[in-house]
1. Can you tell me how many residues within the range 187-201 are crowded, with 19+ Cβ neighbours inside 10 Å and within 16 Å of the ligand (Cβ to nearest atom)?
2. Taking the range 318-327 only, how many residues are within 17 Å of L265 (Cα to Cα) and either surrounded by fewer than 16 Cβ atoms within 10 Å (Cβ to Cβ) or touching a Leu at 6+ places or on another chain (Cβ under 6 Å) (or both)?
3. Among the candidates R183, R162, which residue alone is in a loop (DSSP other than H, G, I, E, B), within 16 Å of the ligand (Cβ to nearest atom) and touching a residue at least 40 places away in the same chain (Cβ under 8 Å)?
4. Can you name the condition, by its number, that P225 falls short on among (1) within 15 Å of D115 (Cα to Cα); (2) assigned to a helix (DSSP H, G or I)?
5. Could you run through the range 165-180 and say how many residues are of a type in the set (S, T, N, Q) and either in contact with a helix residue (DSSP H, G or I) (Cβ under 6 Å, 6 or more places away or on another chain) or more than 9 Å from the ligand (Cβ to nearest atom) (or both)?
6. Please verify whether the range 212-232 includes one or more residues that are among the charged types (D, E, K, R), at pLDDT 95 or above and under 18 Å from the mean Cα position of the chain (by Cα).
7. Applying the selection to the range 148-160, what residues are surrounded by fewer than 24 Cβ atoms within 10 Å (Cβ to Cβ) and not β-branched (V, I, T)?
8. How about the range 75-103: which of its residues are under 11 Å from S137 (Cβ atoms) and either in contact (Cβ under 8 Å) with a residue 60 or more places away in the chain or in contact with a Leu (Cβ under 6 Å, 6 or more places away or on another chain) (or both)?
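The values are calculated or read from the model by the stated rules, or taken from the named source; none is laboratory data. Source: prediction; values computed, not measured. Cβ placement follows ideal geometry from the backbone for every residue including glycine, while neighbour counts extend to all protein chains displayed.
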Amino acid sequence: MRHNVVLSNGARRAWQVVQGAVFLVGVVIVAALLFAPTTGLFLLWDVLIPVAPLLLVVAPGVWRNVCPLGTFSVLPSQFNLSRRLHVSRAWQSRLLAIAVALLLIIVPLRHPLLDRYGVVTGIVLIVVALAAVGLGSVFDLKSAWCSGLCPVYPVELLYGSRPVVPVPNIQCRVCTACVAPCRDSRPGITPPDAARTGSGRTASELLVGGFPGLVLGWYLVELEPGWTLPRQVLQSYALPLAGLAATLAVYLVLRRILPQSRAFLVRAFAAAAIVIYYWFKLPVVLGMTGDGTHALIMLNGTLPAWSVWSMRLVMSLLLIYLLLARTVRAGWSPRPQAAPVVTTPAS
Ligand code: SF4
């Protein structure tokens, strides 16, 4: 279904201010990672990333509008500096498969490398930004990066199937049908909906079934300071991949037993993954466990120890409600009006 949405100039300007501000925050984080790594690592992994999964559940369109890498990637299209090539359906599927592979490679690497070495993380982010803008210079709008190779994009699809707050699509002034289906405007989209065939489809199923186990395994990793880097890397992959294999097996069995409940299963496994994430992350963010170096606020000593369990419970129930109990089916952003069709005069 296509809703033609024309954004008022005032609303567009307000969004552009937010977009510019978040872009600036991105630049500050990368600069901090390179020149003040402790601060940069805190801003990235303890401020930005803990908020992101919840934002993807509630308002994935906001993230799509303001993500600095996304903004960077669509700039060439917006300023008519892109060749705006079309990505075929087969390649859309392959790009999703590569995005899932990148996600599965990057997440375990956080323990031994990306959470520890700000300069490494900063350089990785610069390389990723160059890749995003490079792809945007060749391919149309979101087709190659935001709805293609970006490793966060599969998680957007996983967590964003029941958005609470749809917002206007600020990145696409007009719709050029850069991908099909449009990931931003299709109601209730999940990873398997984004690629119905090919390697993207297989990768989608792997992500849906395996992500809860991957997240759980990630939190159970413990590295000894005396270990060599190769041993730390091996250990960092072992538990997340074992967890991935375990929940993927459960998912595949359930999918076979309950073929009519496929859409519900996808959302149930998405809910399981994000519930596990916040089950472990919430006490850290609130300073109720650990030494407080990763806390946004220190509640340890202010609240009784048992209150962490009630907070975990409330957060889990909220996430389950948002992903499983609501029947609302909205897209992340309504589709903008279609780009005018350019006709070549007959010779
Ligand atoms: S609204 Fe149109 S141009 Fe924008 S991402 Fe969706 S299909 Fe592509």
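1. Matching residues across the range 187-201 total 3.
2. 5
3. Details: R162 fails: within 16 Å of the ligand (Cβ to nearest atom).
Among R183, R162, only R183 is in a loop (DSSP other than H, G, I, E, B), within 16 Å of the ligand (Cβ to nearest atom) and touching a residue at least 40 places away in the same chain (Cβ under 8 Å).
4. It is condition (2) that P225 fails.
5. The qualifying residues number 1.
6. no
7. Within the range 148-160, L149, P151 qualify.
8. Selection gives L75, P76, S77, R84.
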